[in-house]
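Asker: Before we start, here is the structure in question, set down as structure tokens.
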Amino acid sequence: MATSWTVAVTRQIPEAGLAPLREVAEVRVWEEELPPDTEALYAILDGCDGAITLLTDRIDGALLDAHPSLRVVSNFAVGYDNIDVPAATERGVLVCNTPGVLTDATADHTWALMLSAARRIPESIEYVREGRWKTWGPLLLLGQAVSGATLGVAGLGRIGKEVARRAAGFDMRVLAYDTVQDDEFAAEHNVTYVPLDQLLAESDYVTLHVALTDETRHMIGREQLARMKPTAILINASRGPVVDTDALVEALQNGTILAAALDVTDPEPLPADHPLVTMDNCIVVPHTASATVQTRDQMAKLSADNLIAGLKGERPPASVNADAVLGN
Ligand code: 8YV
């Protein structure tokens with residue numbers, strides 16, 4: 001088929017996304033392990049009609065002005081805080097994302113983090129690996145109960161809801177905080193909406209699922225951590241800057257809260273000698289909540305479908321500004 005378009009893909013993504021793109025466009029893939037720096041990003045986008053971008057690519061008005069041929073920016077992520085959407089909309093550039101396909105994987109991972117922190121799984125693995133396991137011990141590596149505990153979900157959107165739904169299998173009381181309420185979901189799944197302060201004060205597990213915006217940046221800081229129980233565990237699989245890193249380090253060191261489990265951090269990556277990485281009561285994994293073979297294939301396919309539809313002038317399956325750019 002004629003390759004009338006040129007598109008850039010700013011990192012290696014699964015073939016499920018590259019194959020459909022190659023059928024309709026000349027595809028430039030950034031092959032390095034590390035993301036392109038600004039200069040390299042500008043270079044790879046030069047003359048492109050569209051791009052599949054990642055979280056690590058800052059797409060702003062200046063970049064769009066420097067690349068007037070760019071009409072579709074298809075983010076390989078549900079979050080799009082790396083993109084200045086108003087700047088894109090002003091310039092008629094479609095911004096797309098990958099909602100839905102990573103919801104279950106992210107909710108599963110949240111639970112993996114919650115259970116790992118509650119039951120001190122990483123510490124236990126290390127204990128055995130280091131040859132310290134001498135006998136069964138009545139007081140050895142005691143963790144916290146999950147079944148029957150109270151779960152606080154801050155951000156009851158697509159992912160937060162799936163996290164909340166899974167709590168039914170653990171007989172948990174589920175509290176939620178959000179700026180918009182889905183009363184039908186709450187009634188059906190025994191979820192009680194409460195103000196954030198109450199959620200923090202009453203939850204044994206607080207899990208964050210908000211998008212990163214000016215309003216949610218440092219939503220969990222010193223004051224909020226102080227409201228939590230000293231036995232509480234904080235889980236973050238949203239965006240690192242939703243939590244004030246210094247305040248969290250302090251809270252974990254002082255025993256303000258018991259533990260944390262983080263899929264995302266601020267900054268990202270964290271150096272290996274960072275207190276959050278070295279403390280026993282903090283688990284850090286490298287932003288892998290959506291990292292299953294199946295989900296990454298679906299993200300690749302959806303981001304390619306979005307990009308191709310946008311290039312054709314059609315409404316992409318998932319766009320955050322199609323109404324504004326294409327009209328209702
Ligand atoms: C991805 C994510 O790993 O979708 C998101 O918003 O945070 C993760 O699924 C990441 O964004 C890849 O760019």
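Asker: Given Cβ point charges of +1 (Lys, Arg) and -1 (Asp, Glu) and nothing else, what value in debye, to the nearest 20, does the dipole of the chain about its Cα centre take?
Answerer: On the way: 25 positive and 46 negative charges, 178 e Å.
Here the size comes out at about 860 debye.
Asker: Please report the net charge: other residues with Cβ closer than 14 Å to the Cβ of residue 66, K and R +1, D and E -1. Mind showing how you got there, number by number?
Answerer: On the way: positive: 58, 91; negative: 39, 46, 57, 60, 65, 84.
For residues surrounding residue 66, the net value is -4.
Asker: Loop-only check: which GluC sites (Glu not before Pro) in the stretch 208-314 are DSSP coil with at most 10 other Cβ within 10 angstrom? Intermediate values should be presented prior to the final figure.
Answerer: On the way: sites: 215, 223, 250, 314; in loops: 215, 314.
Filter output for the stretch 208-314: 215.
Asker: From the Cα trace of the stretch 175-328, what convex hull volume per residue do you get, rounded to a whole Å³?
Answerer: Details: hull volume 23.9 nm³, N = 154.
Enclosed volume per residue, from the Cα hull, is 155 Å³.
Asker: While we're here: To the nearest 20 debye, what charge dipole does the stretch 102-176 have about its Cα centre, counting +1 at the Cβ of each Lys and Arg and -1 at the Cβ of each Asp and Glu?
Answerer: Numbers: 10 positive and 7 negative charges, 21 e Å.
Roughly 100 debye, rounded to the nearest 20.
Asker: Expressed as a whole percent, how much of the Cα-Cα distance distribution for the stretch 1-79 exceeds 20 Å? Walk me through the intermediate numbers first.
Answerer: Values: 763 of 3081 pairs.
When all Cα pairs of the stretch 1-79 are counted, 25 percent exceed 20 Å.
Asker: To continue, here is another question. Extending each Cα 7 Å along its Cβ direction at residue 66 and residue 85, get the distance between those two points in nm, one decimal.
Answerer: Reported label-point gap for residue 66 and residue 85 is 2.5 nm.
Asker: As I understand it, the dipole of the stretch 3-131 uses +1 on the Cβ of Lys and Arg and -1 on the Cβ of Asp and Glu, about the Cα centre. Which of 30, 121, 55 lies farthest toward its positive end?
Answerer: 121
Asker: Apply 1/(1 + (r/R0)^6) to the Cβ-Cβ distance of residue 126 and residue 18, taking R0 = 56 Å, and write down the FRET efficiency to the nearest 0.05. Intermediate results must be reported in sequence, preceding the final value.
Answerer: Working: r = 39 Å, r/R0 = 0.69.
With R0 = 56 Å, the Cβ-Cβ based efficiency is 0.90.
Asker: Rounded to the nearest 0.05, what FRET efficiency do residue 198 and residue 314 give with R0 = 51 Å and r taken as the Cβ-Cβ distance? Could you check? Numbers along the way, then the final one.
Answerer: On the way: r = 45 Å, r/R0 = 0.89.
Working from the Cβ atoms, E equals 0.65.
Asker: Under a 5 Å amide H to amide H cut-off, with H placed in plane at 1.01 Å, what residues pair with residue 282 once short-range neighbours are removed?
Answerer: Amide H neighbours of residue 282, under 5 Å, 5+ apart: 260.
Asker: Work out, in µm²/s and without decimals, the Stokes-Einstein translational diffusion coefficient of the stretch 51-97 at 20 °C, 1.002 mPa s, Rh from Kirkwood over C-alpha pairs.
Answerer: On the way: Rh = 10.3 Å.
Estimated via Stokes-Einstein, D reaches 209 µm²/s.
Asker: Beyond 20 Å, how much of the Cα-Cα pair distribution for the stretch 135-210 remains, as a whole percent?
Answerer: Values: 854 of 2850 pairs.
For the stretch 135-210, the fraction of Cα-Cα distances above 20 Å is 30 percent.
Asker: Taking the Cα-to-Cβ direction at residue 133 and at residue 145 and moving 7 Å from each Cα, how far apart do the two end points lie in nm?
Answerer: Once both label points are built, they end up 2.6 nm from each other.
Asker: Once the cut-off is 26 Å, how many percent of the Cα-Cα pairs in the stretch 59-188 end up in the long-distance tail? Mind showing how you got there, number by number?
Answerer: Values: 4144 of 8385 pairs.
Summing the P(r) tail past 26 Å for the stretch 59-188 gives 49 percent.
Asker: Using 0.36 nm per residue of separation minus the Cα-Cα distance, give me the extension gain between residue 293 and residue 211 in nm, one decimal. Show your work: numbers first, answer last.
Answerer: On the way: separation 82, 0.36 × 82 = 29.52 nm, distance 2.39 nm.
The span from residue 293 to residue 211 would gain 27.1 nm if fully extended.
Asker: Could you compute the net charge surrounding residue 228? Neighbours are other residues with a C-beta less than 14 Å from the C-beta of residue 228; K and R count +1, D and E count -1.
Answerer: Charge balance near residue 228 sits at -3.
Asker: Which cross-chain or sequence-distant (5 or more) residues have an amide H under 5 Å from the amide H of residue 75, H modelled 1.01 Å from N in plane?
Answerer: 53, 96, 97
Asker: Return one whole number: the accessible area per residue of the chain in Å², for a 1.4 Å probe. Kindly include the intermediate steps, with their values, before the conclusion.
Answerer: Numbers: 15520 Å² over 328 residues.
Solvent-accessible surface per residue comes out at 47 Å².
Asker: Apply the Karplus parameterisation 6.51 cos²θ - 1.76 cosθ + 1.60, with θ equal to phi minus 60°, to every residue of the stretch 150-159 and state each ³J(HN,Hα) to the nearest whole Hz, in sequence, with x for glycine and proline.
Answerer: For the stretch 150-159, the Karplus curve yields 9, 9, x, 9, 9, x, 9, x, 3, 6 Hz.
Asker: Share of the stretch 257-307's accessible area from carbon and sulfur, percent, 1.4 Å?
Answerer: Values: 1310 of 2240 Å².
Taking all protein chains in place, the stretch 257-307 shows 59 percent carbon and sulfur surface.
Asker: Quickly estimate the mean residue ellipticity at 222 nm for the chain, helices only: each DSSP H run with n ≥ 4 gives -39500 (n - 2.57), and the total goes over all residues, rounded to 500. Show your work: numbers first, answer last.
Answerer: Working: 14 runs with 121 residues, N = 328.
When only DSSP H runs of four or more count, the value is -10000 deg cm²/dmol.
Asker: Using a simple charge model, +1 on the beta-carbon of Lys and Arg, -1 on the beta-carbon of Asp and Glu, nothing else, what dipole does the stretch 103-284 show about its Cα centre, in debye to the nearest 20? Display every interim value, and only then the final one.
Answerer: Numbers: 15 positive and 26 negative charges, 136 e Å.
Here the size comes out at about 660 debye.
Asker: Here's something else I'd like to know. For residue 192, which sequence-distant residues (separation of 5 or more, or a different chain) have an amide H within less than 5 Å of its own amide H, given hydrogens modelled in the peptide plane?
Answerer: 174, 175, 176
Asker: List the trypsin sites (Lys or Arg not before Pro) within the stretch 269-328 that DSSP assigns to loop and that have no more than 14 neighbouring Cβ atoms inside 10 Å. List each step's numbers first, then the result.
Answerer: On the way: sites: 296, 301, 312; in loops: 312.
Filter output for the stretch 269-328: 312.
Asker: On to the next question. What is the Cα centroid distance between the stretch 56-74 and the stretch 288-312, reported in whole angstrom?
Answerer: When both Cα centres are located, 19 Å separates them.
Asker: Given Cα positions, please report Rg to Rh for the chain, the hydrodynamic radius being the Kirkwood one. Display every interim value, and only then the final one.
Answerer: On the way: Rg = 21.5 Å, Rh = 21.2 Å.
Rounded to two decimals, Rg/Rh equals 1.01.
The values are calculated or read from the model by the stated rules, or taken from the named source; none is laboratory data. Everything numeric in this text was worked out from a predicted model, so none of it was measured. Positions of Cβ are backbone-derived with ideal geometry, glycine not excepted, and every protein chain shown enters the neighbour counts. We work out accessible area using only protein heavy atoms, side chains counted, and drop any ligands, DNA or RNA first. Shrake-Rupley method; radii C 1.70, N 1.55, O 1.52, S 1.80 Å.
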